[in-house]
Each structure stands twice: as structure tokens, then as C-alpha cells.
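The values are calculated or read from the model by the stated rules, or taken from the named source; none is laboratory data. All of these numbers come straight from a predicted model, not from anything done at the bench. Cβ sites come from the backbone with ideal geometry, for glycine too, and all protein chains shown count toward neighbours.
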Amino acid sequence: MSTKPGKKKPVNASQPEKSVRREALKKFYRSFLPLMLAVLLWIITISILHLPEIKEAVMQVFIQFTLSSALVFGKLLFIPVESLSYPNITVSGYTMKIVMECTAYNFYIFVIFLSLLSPVKWKQRIITLLIFIGAVFIVNNLRFITMGYIGNYSGLLFHLIHDYLWNILFGFMVFLIWAWRYNRNIEDTNDLKN
């Protein structure tokens, strides 16, 4: 048996190192399995909601809820908001048509699964779910109000912000809330174990 100079023999990891790696991998799966399951269930649910037999009814429920809540939200903030024809909303003179994607239904459905599948106590899951739904509800209603004012200022700017910025902001908001709630609850659980 000869060894060539410059080549090192592969070193087998010791048993404690393997155990540490295995434990880290388990922790990783435990942490991200709920996220992966939430994405999978979200895709399945969205696919079901888009079945031709129920799509129209689902759209009407989400659009009506969004239109009604945006009108109430605007009135509470003393902002000139009205709906002269369904499914349109007018904010400060700028009229927008509410379509299914405007309802944030994607985010509502995703945060429901993400909250309920998190590996924390049920009380914390419900609290996280309420925080998520409240945040999505408020931000989505503020979106209609700000987009009305932006639309009055510039149609081009309206489309850029509407198509890109809001989706990025919603996604970032969901990630931040999940990271905050998940890390907080994991730390609380670890404190209880020690």
C-alpha cells in the first residue's frame, strides 16, 4: 500500500461528530418541516380554490369581504372611499377594480397553515395566527388607500408599486412575523427544558 505525497487520507468523522451532525439535521428538519408542509398545503388549497366548479363563488366571497372591509377601514380613517359599482372601489377620486389577487387570499391561506403547523404550543399557534391575520388585514386595507392616492398621482407608478412592491412587502412581512414568533417560542420552549 502506497500513499502518494500531497494526498491526505480521508478522515472518518468520529462518533460524537456524527451524532452532532445528525442532531443538527434533525433540528433543521424540525424547524423547517412546518414551513415546507405549509407551502405544500397552500399549493393544494390554492389549486382546489381555482377549480372551475367553485372558483367564481370563492372569488365573490373574498372580493366582497375585501371591498367591504376597505370601505369600513377608509371611513374609520376619514378617507374619501366609496364603491359606486361592484367590484370597484374609489379612493380620493381614483377608481380601482378589486380582483381575486387584490384580496390577499394567498397570504391569508398561507399564514393559516404556517401558524397551525408551527412546532409550538397550541396557545402560541393561535396567538401567531391572530397576529398574522390582523397584520395581513390591516396592511391589505392600507394598500387600497395608498394605492388610490398613488394612482391619482401617476398611473405608471401605481402599476409598478401594485405589481411588485406590495407582493414583496407582504412576503417580507409574513417572513418577519413568522421568524419573530417562531424564534421567540423556540427560546421559551428551550428555557422550560433547562
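Results, tabulated for the structure shown:
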read-out: Given (1) touching a Leu at 6+ places or on another chain (Cβ under 9 Å); (2) in a helix (DSSP H, G or I); (3) farther than 30 Å from Phe32 by Cβ, number of the condition Thr95 does not satisfy; value: (2)
read-out: Residue check, Ser85 hydroxyl-bearing (Ser, Thr, Tyr), outside any helix (DSSP H, G or I) and at pLDDT 90 or above; value: yes
read-out: Residue check for Lys121: in contact (Cβ under 8 Å) with a residue 40 or more places away in the chain and farther than 29 Å from Thr146 by Cβ; value: yes
read-out: Residue list for region 110-131, restricted to those being closer than 25 Å to Ala57 by Cβ and crowded, with 17+ Cβ neighbours inside 10 Å; value: Phe110, Val111, Ile112, Phe113, Leu129
read-out: Residue list for region 83-104, filter: of a type in the set (Lys, Arg) and crowded, with 17+ Cβ neighbours inside 10 Å; value: none
read-out: Cβ pairs under 7 Å, 6+ apart, first in region 61-86 and more than 13 Å from Asn141 (Cα to Cα) and free of Cβ contacts under 8 Å to residues at least 40 places away in the same chain, second among the small types (Gly, Ala, Ser) and surrounded by 12 or more Cβ atoms within 10 Å (Cβ to Cβ); value: Pro80/Ser92
read-out: Members of region 131-166 that are under 21 Å from Trp180 (Cα atoms), of a type in the set (Phe, Trp, Tyr) and modelled with pLDDT of 90 or more; value: Phe137
